[in-house]
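Chemist: I'd like to ask some things about the structure below.
The values are calculated or read from the model by the stated rules, or taken from the named source; none is laboratory data. From a predicted model like this one, the values you see are computed outputs, not experimental measurements. For neighbour counting, all protein chains shown are included, and Cβ atoms are generated from backbone atoms with ideal geometry for every residue, glycine included. Keep in mind that these areas ignore ligands, DNA and RNA; they rest on the heavy atoms of the full protein, side chains included. Shrake-Rupley method; radii C 1.70, N 1.55, O 1.52, S 1.80 Å.
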Amino acid sequence: FNQLIKCVGVEKPQNLLDTGPPGPGLGSLRVSSSVFQGSDSELKPDKDGVSDSESKVDSGVPEVPVPPDDTPEVLNKALSGLSSRWKNWWVRGILTLAMISFFFIIIYLGPMVLMMIVLCVQIKCFHEIITIGYSVYHSYDLPWFRTLSWYFLLCVNYFFYGETVTDYFFTLVQREEPLRILSKYHRFISFALYLTGFCMFVLSLVKKHYRLQFYMFGWTHVTLLIVVTQSHLIIHNLFEGMIWFIVPISCVICNDIMAYMFGFFFGRTPLIKLSPKKTWEGFIGGLFATIVFGILLSYVMASCRYFVCPVEFNNDSNSFQVDCEPSELFQLQEYTLPSVLESVTGWTTVRLYPFQIHSIALSSFASIVGPFGGFFASGFKRAFKIKDFANTIPGHGGIMDRFDCQYIMATFVNVYIASFIRGPNPSKVIQQLLALRPDQQLHIFNSLKAHLIEKGLLPAMEVNA
């Protein structure tokens with residue numbers, strides 16, 4: 001009976017009987033008005049584009065408090081006479097120029113500063129996502145969630161950065177005894193640190209809240225997967241040459257700006273429900289603008305050794321160096337144009353850097369697939385009924401709002417380099433050989449000499465010697 005009453009929307013059983021004069025049967029049943037208006041209320045969307053039915057489904061998720069508007073007072077006064085639409089346009093434009101200027105400054109300061117900035121951005125993005133989880137989680141007063149989240153961040157960073165140091169600073173590590181020991185047992189230490197956090201989580205489980213705690217445990221690990229892993233790949237891309245860091249990031253920034261501009265002035269057709277302000281006009285305009293931008297930027301940067309040479313550590317000066325003989329990828333070559341393009345341009349050949357051709361793939365991915373990182377973030381924010389991850393940057397939201405597309409781009413660039421660009425690295429092979437025992441080195445030397453003699457690559461004079 002209780003289940004039947006619940007299904008038809010009748011109020012609680014103790015309130016079923018009317019206190020008025022008795023009537024036939026159970027008396028006057030006070031039935032909720034939603035029973036008779038259910039079809040309208042379920043289909044009617046609210047002001048945010050979310051239907052009442054969606055709100056009911058998500059009603060068990062506490063809403064995250066909306067952060068206050070941190071737009072500088074100077075801008076608020078200067079733009080007070082404009083509509084909210086144009087005010088937001090100017091705020092976003094001014095802050096975008098400021099961020100681009102800051103990006104140029106950190107590029108000028110060199111790869112070490114870039115790595116530190118990547119680490120700072122990673123920590124801030126992690127903080128913004130975990131803060132949303134804590135706002136939902138804090139009301140249950142369960143222990144150790146925030147502490148364990150930051151502990152796991154420390155463990156994962158120790159593992160990834162330790163791998164990077166061992167890989168790229170091998171000679172330095174072998175030279176210092178403490179570093180050599182840490183490098184040798186690095187993975188065991190990393191696993192022991194993680195296992196400690198795992199045990200702490202098990203000990204923190206509270207009766208009646210097991211499901212929620214495991215939910216937040218998964219929240220933390222997915223955040224680590226999205227944020228820390230991708231930032232680690234960004235640093236690996238940087239070591240391949242600053243051009244592999246700057247061009248992909250610049251393409252994402254360009255696509256974000258141009259899609260916004262085309263959508264602002266020409267947008268009419270909605271692109272996806274998760275982001276109602278995104279339009280097909282902005283999406284297509286941003287695609288073509290980004291491809292052109294990527295080709296031009298690649299042409300400028302490919303001619304400079306500072307950008308194309310791999311970032312390596314100089315053991316003599318104990319500093320990074322970016323000096324090398326550019327590979328064929330960054331040397332001008334002549335290409336014959338297809339007949340269709342020849343009839344349009346009147347040119348039979350064109351001189352390009354091979355990297356410019358690769359830049360088309362990078363800019364196309366940044367324009368076509370990259371925005372799905374933003375759509376993913378939009379779905380996440382709508383799930384918790386928030387506009388932005390934070391209010392760190394006025395008009396733009398939090399750091400995560402600006403870097404949601406960068407992370408998926410970093411993975412693509414790393415996979416692209418491994419699949420189509422990178423070959424065997426002789427310097428790393430030599431470093432590994434120098435770490436072997438003398439008898440192992442001698443065995444490899446004799447094997448290599450015999451192989452070269454067999455191939456006829458070793459001159460007879462050197463063989464006799």
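Chemist: Report the local net charge at Phe265: Lys and Arg +1, Asp and Glu -1, summed over other residues whose C-beta lies under 15 Å from its C-beta. Display every interim value, and only then the final one.
Modeler: Values: positive: Arg85, Arg92, Arg268, Lys277, Lys278; negative: Glu281.
Here the charged neighbours net out to +4.
Chemist: Could you tell me which of rounded, prolate or oblate describes the range 315-465, using a ≥ b ≥ c as the square roots of the eigenvalues of the alpha-carbon gyration tensor, with rounded for a/c under 1.5 and, failing that, prolate when a/b is larger than b/c and oblate otherwise?
Modeler: oblate
Chemist: Next question. Find how many whole Å separate the alpha carbon centroid of the range 209-239 from the alpha carbon centroid of the range 267-328.
Modeler: Spelled out, the Cα-based centre of one part sits 25 Å from the other.
Chemist: What does the convex hull of the alpha-carbon atoms of the range 175-314 project to on average, in nm²?
Modeler: 14.1
Chemist: Another question, if that's okay. Is the range 251-296 best put as rounded, prolate or oblate by its Cα gyration tensor, with a ≥ b ≥ c the root eigenvalues, rounded for a/c under 1.5, and otherwise prolate when a/b is larger than b/c, oblate when not?
Modeler: prolate
Chemist: How charged is the neighbourhood of Asp316? Take every other residue with its Cβ under 15 Å from the Cβ of Asp316, and add Lys/Arg as +1 and Asp/Glu as -1.
Modeler: Working: positive: Arg175; negative: Glu312, Asp323.
Neighbour charge sum, excluding Asp316 itself: -1.
Chemist: Return the long-range amide H neighbours of Thr279 (sequence gap of 5 or more, or a different chain), with a cut-off of under 5 Å between placed amide H atoms.
Modeler: Leu271
Chemist: Same structure, new question: Mind checking which of Asn446, Val429, Gly398 is farthest towards the positive end of the range 348-465's charge dipole, using Cβ charges of +1 (Lys, Arg) and -1 (Asp, Glu) about the Cα centre?
Modeler: The Cα lying farthest towards the positive end belongs to Gly398.
Chemist: Given an 8 Å cut-off on Cα distances and at least 6 residues of separation, report the relative contact order of the range 173-284 as a percent.
Modeler: Across the range 173-284, relative contact order equals 12 percent.
Chemist: Here is a follow-up. What net charge is computed for the residues neighbouring Lys184, neighbours being all others with C-beta under 15 Å from the C-beta of Lys184, Lys and Arg scored +1, Asp and Glu -1?
Modeler: The answer is 0.
Chemist: Relative to a virtual label point 7 Å from the Cα of Leu119 in the Cα→beta-carbon direction, which members of the range 219-233 show backbone nitrogen distances below 17 Å?
Modeler: Residues passing the 17 Å test: 228-233.
Chemist: Within the range 192-315, what whole-number % of the accessible surface is contributed by carbon and sulfur, with the 1.4 Å probe and all protein chains included in the calculation?
Modeler: With neighbouring chains kept in place, the figure for the range 192-315 is 74 percent.
Chemist: Moving on to the next point. Which pairs in the list Lys207/Lys385; Lys87/Lys124; Lys208/Lys277 are over 31 Å apart, alpha-carbon to alpha-carbon?
Modeler: Details: Lys207/Lys385 29 Å; Lys87/Lys124 27 Å; Lys208/Lys277 42 Å.
Table pairs above 31 Å Cα-Cα are Lys208/Lys277.
Chemist: On to the next question. Using a cut-off of under 16 Å, list every residue of the range 409-438 whose amide N is near the label point 7 Å from the Cα of Cys324 along the Cα-to-beta-carbon line.
Modeler: It comes to 414, 417-431, nothing else.
Chemist: Quick check: residue separation of Tyr161 and Leu82 times 0.36 nm, minus the Cα distance between them. What number comes out in nm?
Modeler: Result: 23.7 nm gained on full extension.
Chemist: Taking only protein heavy atoms and a 1.4 Å probe, what accessible area per residue, in Å², does the range 182-236 have with all protein chains in place?
Modeler: 60
Chemist: Contour minus end-to-end for Val206 and Glu176, with contour as 0.36 nm per residue of separation and end-to-end as the Cα-Cα distance?
Modeler: The span from Val206 to Glu176 would gain 6.2 nm if fully extended.
Chemist: Can you bin the range 237-330 into rounded, prolate or oblate? Criterion: square roots of the alpha carbon gyration tensor eigenvalues sorted a ≥ b ≥ c, rounded for a/c under 1.5, prolate for a/b above b/c, oblate for the rest.
Modeler: Prolate shape, in that a/c is at least 1.5 and a/b is the bigger ratio.
Chemist: Give the calculated FRET efficiency between Val344 and Thr147 to the nearest 0.05, with a Förster radius of 51 Å applied to their Cβ-Cβ distance.
Modeler: Once rounded, the FRET efficiency stands at 0.20.
Chemist: Taking 7 Å along the Cα-to-C-beta vector as the label spot, tell me the Tyr185-Gln440 distance in nanometres, rounded to one decimal.
Modeler: Each label point lies 7 Å from its Cα, and together they span 1.9 nm.
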